[in-house]
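Everything on this sheet refers to the single structure shown next.
The values are calculated or read from the model by the stated rules, or taken from the named source; none is laboratory data. This is a predicted model, so every value here is computed, not measured. No Cβ is skipped: glycine too gets one built from the backbone with ideal geometry, and neighbour counts run over all protein chains shown.
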Amino acid sequence: MNIATLPTVSSDNLRDAILNHLAYSFGKTPEAAQTEDWRMALSFAIRDRMVEAWFAATRRTYEAGAKRVYYLSMEFLIGRLLEDGIVNLRLADQARAALTDLGLDYDAVLADEPDAALGNGGLGRLAACFLESLSTLSCPAMGYGIRYEHGLFRQSFQGGRQVESPETWLLQRHAWEFERPEARYRIGFGGEVREDRGRSVWTPSEQVDAEAFDTPIAGWQGKWVNTLRLWSAKAVAPFDLDSFNRGDFAAAAAPEALARTISRVLYPDDTTEQGKELRLKQEFFFTAAALRDILRRFDSEYDDLSQLPAKVAIQLNDTHPAIAGPELVRLLHDERGLPFDRAMEIAQGCLNYTNHTLLPEALESWHEGVFGKLLPRHLQIVDRIDDAHGKAHPSRSFSMRADSQVKMGELSFVMANRVNGVSALHTGLMKETVFAELHALHPDKIVNETNGVTPRRWLLSCNPRLSNLVTDTIGDGWVDDLERLKELESHVDDAGWRDRFAAAKRDNKADLSNWLAETQGVSVDPEAMFDIQIKRMHEYKRQHLNILEAIAHWQEIKDDPNAGWTPRIKIFAGKAAPGYFFAKDIIRLINDVARVVNADTATRDKLQVAFLPNYNVTLAERLIPAADLSEQISTAGKEASGTGNMKFALNGAPTVGTLDGANVEIREHVGADNFFLFGMTAPEVTERRMLDGHARAAIEADPRLARALDAIRDGTFSPDDPDRYAGIIENLAGHDYFLVCSDFTDYWRAQREVDAAYADPARWAGMAALNTARSGWFSSDRTIRGYMSDIWGAASL
Ligand code: H53
């Protein structure tokens, strides 16, 4: 089939296909079918329509002898896939009609799908947006990761405290994966290395199999479909019969136990380096399987390994797959017999590395004891790489092996052809700080690729009201050419058009407030400003700055309730890593403040606070279209990029934010008048930190801040336990590393400017509309084009 001419599908065709799957794939009659059965039947009917294009994409790639891109990532935060598939195949109307015809509630069927939370936050969601854009751009590509049995934990609150429970997406059926029992590789750990006639031979002491599960990822219009290949760990043998026969049942089950632990759970923390052996096992497990798979595919087409860099581009998403460097060298040198230097050169020609953080505590490094025990041959190879690099640059004393550690960032840098940061500011800081030394040696290696988000999920599908208005106004070319949103600008001064823009937002807010009332027991006035901060809980993201301002705001409203306050609801959502106690205290504080403030009859029509449990992709899709204000308030220099910030701007929510990460570029694009800037810049942050007593000085200088802190300290929000937040108070009034106190006064000022702007509906609608109209550059299609030309040398087919 020609990929450009996909068959048209009527709602009748689709209904018949659904009924067919219901009967023949699931053995159910319509009368007996539950929501889940209908959801599965619909998913299969949609998936069927991806398969031809999927085959065709593979054929085209082989025929063209094209370079392939491989995106290696520990995390793919894909969320639900059914609506994504329906929207990209342009079958939304037909699917709704077919289900309605069958007497079903379309939205309820879609909502039945589990949210696949195979990631923590921004890095994992970025990988998911990238896969979709790669398909939209018909770039031959494959994502490689781990098929976790349990994704990110489920969050609930007990007495305001975060409680974690396991997430069980795989216990519900889902329709997207194809198991590939034939794509199976044996992965070893531990053991020893011996020399045999000049060659190093690694004999692992433990082994598991990696088995592939493939999920098709369709791009816009379904013309091109790439694969997300996730590895599941399987025991090399069902059990050890010898041990069993000896009566040692625990030992007999050991192979199974090892396999199950490796792909069982996603590590729930992305901001501290774990140093745990299991994490390193997971990293090697999926990376080694991916490389074997890549080489097998290459071998099926070519017989000259020197061609590898021309045909294969491998992207390391952070250092988690950094072991790809030494492993690829091992495969080429130990197993294929290439000279070491040549193996290293070829590997360097294929590999690239994206850095996503400058936080020192998040930069992976492994003690050589742990590393060498698990990967003895790789430790030798790392040392040889380090030596070779040192010899090539004798003027410098750089090493990736200081303090008995293997530094994965440095290893990735050396083994990469290109290294990229994820926003202009972050890339600049990479050059000046963590990679300053290596940047001096390799001045052309670091490039910037500012993050982006897929407009299909983050506007077209999550915000039908706004996307219908956009399409009515400028046609639907924006969906895969997002810069065309600029054409909206000429309508922003038209009061009638602006009213339609504002009406879409108001209706989205009304939907959200109904949902909040029905499911969360929170009752809010849709006319109030919806001020939203949703992201992982972290001190550098400063949810505590936001709640401190809310407390001060509440106190001031109480002082003078009739001062013409702009009504606001502050909405928070986000998970804290289970072991990050300070972040968990912030969650509890926000919940405590919400309880007290929302109960205050004197103020509650002016200010409310809500913390929504279990933030995930699905909740983001619900909240972002209804947001008036986007909170992006991290300490400057700490947020590498952010991508939530882009989703809000695209959906017409102006930002209150610092000059951090991609906020800087968002402000440049939407215009300084449409962005509420506050706070210190990154250099000012560095300088202020060196000033002794900066927190105390800031508190003394701002009575509002002092009063808000006093209220926390005296137990206003925790009357049963006034000392509950002593730790937070001590931190803020003490060293306040993230400069919450120092930025408070300016944040307060910016928030009052927000109030004034919001109180003028025409002005606000204009600002909001310009945010949408000028956010086109933040499409992940633009980002992926950048990777294709600057990093991969890959082409659209
Ligand atoms: O990656 C996002 C950035 C964001 C950054 C985030 C991230 C993780 O989600 C996990 C680990 C890590 O080192 C960084 O914090 O600023 O937008 C995608 O680049």
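Of all the criteria given as (1) out of contact with any strand residue (DSSP E or B) (no Cβ under 6 Å at 6 or more places or on another chain); (2) over 12 Å from residue 326 (Cβ atoms), the one not satisfied by residue 379 is (2). Going through (1) within 30 Å of residue 596 (Cβ to Cβ); (2) more than 16 Å from the ligand (Cβ to nearest atom); (3) of a type outside the set (Val, Ile, Thr) one by one, residue 172 falls short only on (1).
Among residues of region 297-326 that are among the hydroxyl-bearing types (Ser, Thr, Tyr), those with a Cβ under 6 angstrom from a residue that is part of a helix (DSSP H, G or I), sequence gap 6+ or separate chain, pair up as 319/408; 319/409; 319/412.
Restricting attention to region 207-245, report how many residues are in a loop (DSSP other than H, G, I, E, B) and modelled with pLDDT of 90 or more.
Within region 207-245, residues that are in a loop (DSSP other than H, G, I, E, B) and modelled with pLDDT of 90 or more number 5.
Give region 519-549 a look and list any residue that's within 16 Å of the ligand (Cβ to nearest atom) and assigned to a helix (DSSP H, G or I), or say none. Result: 539, 540, 541, 543.
When you look at residue 627, is it among the aliphatic types (A, V, I, L, M) and within 21 Å of residue 673 (Cβ to Cβ), yes or no? Answer is yes for this residue. Among the residues of region 363-382, is there at least one that is under 30 Å from residue 667 (Cβ atoms) and surrounded by 17 or more Cβ atoms within 10 Å (Cβ to Cβ)? Yes - at least one qualifying residue is present in region 363-382.
The residue list 179, 206, 167 contains one member that is touching a Gly at 6+ places or on another chain (Cβ under 6 Å) and within 25 Å of residue 40 (Cα to Cα), which is 167. Residues in region 191-206 that are small (Gly, Ala, Ser) and not in a strand (DSSP E or B) were compared, and the one that is modelled with the lowest pLDDT is 198. Taken together, the residues in region 444-463 that are within 15 Å of the ligand (Cβ to nearest atom), outside any loop (DSSP other than H, G, I, E, B) and closer than 18 Å to residue 773 by Cα amount to 2.
When region 554-575 is filtered for residues that are surrounded by fewer than 16 Cβ atoms within 10 Å (Cβ to Cβ) and closer than 24 Å to residue 719 by Cβ, the ones remaining, listed by number, are 558, 559, 561.
Please verify whether region 703-724 includes one or more residues that are within 30 Å of residue 780 (Cα to Cα) and part of a loop (DSSP other than H, G, I, E, B). Scanning region 703-724 turns up no residue that is within 30 Å of residue 780 (Cα to Cα) and part of a loop (DSSP other than H, G, I, E, B). Quick one: would you say residue 78 is of a type in the set (Val, Ile, Thr), crowded, with 23+ Cβ neighbours inside 10 Å and not in a helix (DSSP H, G or I)? Taking the combined requirement at face value, the residue satisfies it. Hey, could you check region 81-105 for residues that are in a loop (DSSP other than H, G, I, E, B) and buried (at least 18 other Cβ atoms within 10 Å of the Cβ) and say which is farthest from the ligand (Cβ to nearest atom)? In this case the residue turns out to be 102.
Scoring residue 578 on the criteria (1) part of a loop (DSSP other than H, G, I, E, B); (2) crowded, with 24+ Cβ neighbours inside 10 Å; (3) within 20 Å of the chain's Cα centre (by Cα) leaves a single failure, condition (2).
Looking at 503, 528, just one residue is hydrophobic (A, V, I, L, M, F, W, C), over 25 Å from residue 152 (Cα atoms) and surrounded by fewer than 18 Cβ atoms within 10 Å (Cβ to Cβ), and that residue is 503. Inside region 633-656, residues that are more than 10 Å from the ligand (Cβ to nearest atom), closer than 20 Å to residue 751 by Cβ, of a type outside the set (Gly, Ala, Ser) and in contact with a strand residue (DSSP E or B) (Cβ under 9 Å, 6 or more places away or on another chain) make up a count of 5.
Residues in region 725-761 that are of a type in the set (Ser, Thr, Tyr), within 23 Å of residue 679 (Cβ to Cβ) and part of a helix (DSSP H, G or I): 742, 745, 747, 758. Is it fair to say residue 332 is modelled with pLDDT of 95 or more, over 21 Å from residue 314 (Cβ atoms) and of a type in the set (A, V, I, L, M)? Criteria not met by residue 332. Considering each residue of region 609-622 in turn, at least one proves to be of a type outside the set (Phe, Trp, Tyr), within 16 Å of the ligand (Cβ to nearest atom) and either under 15 Å from residue 522 (Cα atoms) or assigned to a loop (DSSP other than H, G, I, E, B) (or both). For region 26-44, residues that are surrounded by 13 or more Cβ atoms within 10 Å (Cβ to Cβ) and either under 23 Å from residue 227 (Cα atoms) or not hydroxyl-bearing (Ser, Thr, Tyr) (or both) total 13.
Exactly one residue among 691, 659 is aliphatic (A, V, I, L, M), within 16 Å of the ligand (Cβ to nearest atom) and not in a helix (DSSP H, G or I), and that residue is 659.
Out of 516, 466, one residue alone is more than 23 Å from residue 134 (Cβ to Cβ), assigned to a helix (DSSP H, G or I), modelled with pLDDT of 95 or more and touching a strand residue (DSSP E or B) at 6+ places or on another chain (Cβ under 8 Å). It is 516.
Within region 281-294, not a single residue is at pLDDT 95 or above, farther than 26 Å from residue 194 by Cα, surrounded by fewer than 19 Cβ atoms within 10 Å (Cβ to Cβ) and of a type in the set (A, V, I, L, M). Inspect region 126-141 for any residue being closer than 18 Å to residue 232 by Cβ and out of contact with any Gly (no Cβ under 8 Å at 6 or more places or on another chain) and give the result as yes or no. No, region 126-141 contains no residue that is closer than 18 Å to residue 232 by Cβ and out of contact with any Gly (no Cβ under 8 Å at 6 or more places or on another chain). Applying the condition of being of a type in the set (Ser, Thr, Tyr) and either away from the ligand (no atom under 16 Å from the Cβ) or within 19 Å of residue 647 (Cβ to Cβ) (or both) to region 121-150 and asking which residue is farthest from the chain's Cα centre (by Cα) yields 138. Condition first: crowded, with 18+ Cβ neighbours inside 10 Å, away from the ligand (no atom under 16 Å from the Cβ), aromatic (Phe, Trp, Tyr) and in contact (Cβ under 8 Å) with a residue 12 or more places away in the chain. Can you find one or more residues in region 45-63 that meet it? Yes - at least one qualifying residue is present in region 45-63.
Every residue in region 229-271 that is within 16 Å of the ligand (Cβ to nearest atom) and loosely packed, with under 15 Cβ neighbours inside 10 Å, please. Hits for region 229-271: nothing passes.
Which one is surrounded by the most Cβ atoms within 10 Å (Cβ to Cβ) among residues in region 310-328 that are away from the ligand (no atom under 16 Å from the Cβ) and of a type in the set (Val, Ile, Thr)?
323
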